[in-house]
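Notes follow once the structure below has been shown.
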Amino acid sequence: MIASPLPDLVGRQRECAALDELLIGLRQGASQVLVVRGEAGIGKSVLLEYLAAQASRVTVTRAHGVEADMELPYASLHQLCAPLLGELEKLPTPQREALRVAFGMAAGDPPDRFLVGLAVLTLLTQASETRPVLVLVDDAQWLDQVSLQTLGFVARRLFAEAVAMVFAVREPEGRAALGGLPELPIRGLDSAAAGELLEATVGGRLERRIRDRFVAEMHGNPLALLEFSRGRGAAELAYGLDSSSAPSIRMPIASRVERDFVSRLGSLPTATRTLLLIAAAEPIGDARLLVRAAASLEITTHAAPAKAAGLIEFGESVRFRHPLARSAVYHGAEPEERRAVHRALAEATDPVLDPDRRAWHAAQATDGPDEEVAAGLERAADRARQRGGIAAEAVLLERAAEVTPDRWPRGRRALAAAEAHFSAAAPDRATELATLAELCPLSALDRARLARLRARILFARRRSDEAAPLLLEAAAQFTAAGSPLARETYLEAIGATIFAGRVHGPAGARAAAIAARGSGAPPSGSEAADLLLDSVAALLADGSETGVPALRDALELLVHEELDSRESTMRWLLLAPVALEAFIHHAWDLHAWDALSSRAVRLARDIGALSALPPALVYAGGVHIHYGDFGEAARMIDEADALAEATGHAPHKYATLVLAAWRGEADVAAAIIDEARQQAEQRGEVSLLGATGYIQGVLFNGLARYEEALEAARTGIEHDGFNFTGLSLVEHVEAATRCGHLDQARASLARLIELTRAADSGWARGAGARCRALLADGDEADGLYRTAIEEFGRGGVTVEVARTHLLYGEWLRRGHRRALAREHLRTAHEMFDGMRAHAFAERARRELLATGEHVKAREDKPASALTPQESQVAGLAADGMTNARIGAELFISPHTVEWHLRKVYTKLGINTRRALPEALASTPAGGTGSQGAESRRRAPGSPRARPRGPRAR
């Protein structure tokens, strides 16, 4: 082990060895992440200092969380990145602008915090090209929330960069911070090491009983041992401490150490104590600011006694010896003393260069209502929002409401704070502030905002139909107030009923649509959004005959409407799921699904909206499932899951389920389906029952387990929802005919024809023709199967083309027309085998065997299969993208892209990018396959170019 230059590292051989290994790996170019966890005083900060001391030939950049600074957005991240900002101009433009806005260096739309994270990742990667970079973050639990989230995102995206990130987190305060990252827990010193440290500090041997008593009381906490023995000799400890300083075994270690720091303050001059209090209240550590504040309080900067007491270090910057010393100084002062210091700091802080911190100090200085202070906090909150600091905006507005003297602006500010807390994923605090706002007089528009907020909170907690009536009430209030938010809220109400899975009934989607259409709500400002609401309302209120043509009228605007700001783009992304559900399940339009989901992915990438990108990727993956390109679908779903994990969102398991169903992977699907059903019942999300019914219908039909398919598809039909009913009917007809329940099949066919009549798409016509063929005989059935193949081909629904060839071939074999049966069964087998739709391929193989044709099963070579991340990188590289562009698309660094490409070249047996397209065309599932190569070449959103299945001969 490298010898320690720090005397306090007694008994930390294991921890130092782990940190030495981290540095070795870093110097060899490997990414490293470590979270050092432990209680206050356990030695985390000292271990970070040890790491910094050993980091020769390494660039070290640091940040230090300070409790008083927690609500200033990006403050800690700015501190960490400041030494690297000379390289800012080398960042891609969207990343550079996001970072400049976040750090208050430029004005602009609020950046997505994950785009800021990608910018920080790129900045660190650029710096590591010169020499390895070590990022040290102490007291991470006290970073401002958006900085902590951003650094957590960066840590989870490190892969092949010479960057190491080490966080120190205090327990139990930081128990929830940075979960899932590699950890190094720090415990108390063992008895021998603790005794050695104690005796080294007091400068003499202690009687064993005395030593063991103090070691036991301090639980091996190094700081506690050092601070309680500092200034005391072995003789004093041998005869016992005086009663005023004797530690209580029941008192937490941190409290004992803080109390000892407080006891040292009592002997200091008054001016020195005030100086320490200024330093404790001002987290930047700017010595010049401290001098200015001290001058306004008419005290001299007499720091020598504080330095002698081992509390603080003064220089260009001001640093407390330990965070507990800062805490002791601040919390040990009287409230009026703290307010006086904050008042002095507010006066000393530049109102132009640092208006937010000035506003915060002014708020801490007030002991009662103050409109000037409240207005300053409101302006600071607006600046925080513009930088993407939603959590900081919420806290600043909350404090503004607290110090607002007049009830009217207090209610408005409390409501704004509640909305911000909800956006920052703090629904409980949002509920409390909403209650405060409700007690104040509010305008009609604010009453509507309050009603919508309460509905949103309810919907976030339980996706039942309880939220829809509240949203409808809010929409009516917006309409009465003449607000453009009315139509948006009506669309939100309809979306809530769609999740609840109810079309009919007093709280169903149809009732919401009728209310929206008769409301007379003013235009929203987006023609596409208004047309979408009108078409969905017509669909629900009048039926498909009226609604589907209206949907088609809205499509052009939805695909091409110009979006001139980040806010308008985010609003488009929020309405996209309702549009997609309508076009998928009512217009049966795969091309519209492709165009809308492709635009959603593109827009989310363009503005770095990582919260909206995973669902957009999932919808786009669904398109590729129906194109029969399971490899491309899997890559999109995997990317969505990886982004969801990196950003702390729940993964989209249902897309994984649909893919597993088409592949025939019963084991993969079973556990997820059980979990989905439990969630559906707990949350009242009936639409999930419809989704799982359809999914199991596909799965069990593919596996030829028709009784189970029949029961599952019936569940999908009976959930009475906006979506999945039609698709479930298709599965039900097939299962019912196979089980001999022809009456059930005919009833489902009749309902399917009614649902698809207005769609008039290849997908809809193909589904109707095939289901009729399953119930027909002779030439009628023959013609219907051929029609279905032709129509599904026009609609681009390749999986259904293959499936119709299978069903047609099975019907022909049962009619003893073996030669023609082989032709269609062979086509079905080739298509399903190429897709890796294993269950359907096996059905086709068994049918071919029954016709007397031997079929050799495909043997993939597992060693050559690419991982999902490798496939994503390889596919984009084959399209001609640079490493930097691929990194920006996938939210990884260019170094990680290059690392993946080297592995791809090895697996595919190539050595240049030019060879990628041809090599990928023959890669097994998990790779791209020929249809994957074709789909990648297709222009995003193009509804016409698509993979085609074989036509009927």
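In this structure, the amide hydrogen of L268, modeled 1.01 Å from its nitrogen in the peptide plane, lies closer than 5 angstrom to no residue at least 5 positions away or on a different chain. Provide the net charge surrounding T435, with neighbours chosen by a C-beta distance below 12 Å and charges set as Lys +1, Arg +1, Asp -1, Glu -1. Result for the neighbourhood of T435: -1. Using a ≥ b ≥ c from the Cα gyration tensor of the stretch 761-852 (square roots of the eigenvalues), is it rounded, prolate or oblate, where a/c under 1.5 gives rounded and otherwise the larger of a/b and b/c decides, a/b for prolate? The shape class here is oblate. Overall shape: oblate for the stretch 85-174, with the ratio a/c of the largest to smallest alpha carbon gyration tensor axis at 1.5 or above and b/c at least equal to a/b.
Across the stretch 361-372, rounded Karplus estimates of 3J(HN,Hα) from the backbone phi angles (6.51 cos²θ - 1.76 cosθ + 1.60, θ = phi - 60°) give 4, 4, 5, 5, 7, 7, 10, x, x, 7, 5, 5 Hz, Gly and Pro being marked x. Each of C81, C16, C739 was scored by other Cβ atoms within 10 Å of its Cβ. Listed from fewest to most, they are C739, C16, C81. Extending 7 Å from Cα along the Cβ direction at V60 and again at S317 yields two label points whose distance is 1.2 nm. Neighbour counting of Cβ atoms within 10 Å sorts the residues Y50, Y74, Y654, fewest neighbours leading, into Y654, Y50, Y74.
Between amide H atoms placed 1.01 Å from N, distances below 5 Å from V60 occur with L134, all of them 5 or more places distant or on a separate chain. Distance between the pseudo-spin-label points of A308 and D674 (7 Å out from Cα toward the beta carbon): 7.1 nm.
Rounded, prolate or oblate for the stretch 662-757? Axes are the square roots of the Cα gyration tensor eigenvalues, ordered a ≥ b ≥ c, and the cut-off for rounded is a/c under 1.5. Cα axes put the stretch 662-757 in the oblate bin. Near V36, the amide H atoms lying under 5 Å from its own belong to F167, A168, V169, L184; only residues 5 or more places off or on other chains count, and H is placed 1.01 Å from N. The distance linking the stretch 351-380 with the stretch 397-446 is 18 Å (Cα centroid to Cα centroid, whole angstrom).
With θ taken as phi - 60° and the Karplus curve 6.51 cos²θ - 1.76 cosθ + 1.60 applied, the whole-hertz 3J(HN,Hα) list for the stretch 88-101 is 4, 5, 7, 6, x, 3, x, 6, 4, 5, 4, 5, 5, 5 Hz, x standing for glycine and proline. Shown in residue order for the stretch 747-754 are the 3J(HN,Hα) couplings computed by the Karplus curve 6.51 cos²θ - 1.76 cosθ + 1.60 at θ = phi - 60°: 5, 5, 4, 4, 5, 5, 4, 5 Hz (x for Gly and Pro). A simple packing score, the average count of other Cβ atoms within 10 Å per residue, orders the peptides 803-812, 767-776 as 803-812, 767-776, with the highest score first.
Every number here is computed from the coordinates shown, using simple stated rules; none is lab data. Just so it is clear, the model here is predicted, and its values are computed rather than measured. Don't worry about glycine lacking a Cβ; one is built from the backbone with ideal geometry, like all the others, and counts go over all protein chains shown.
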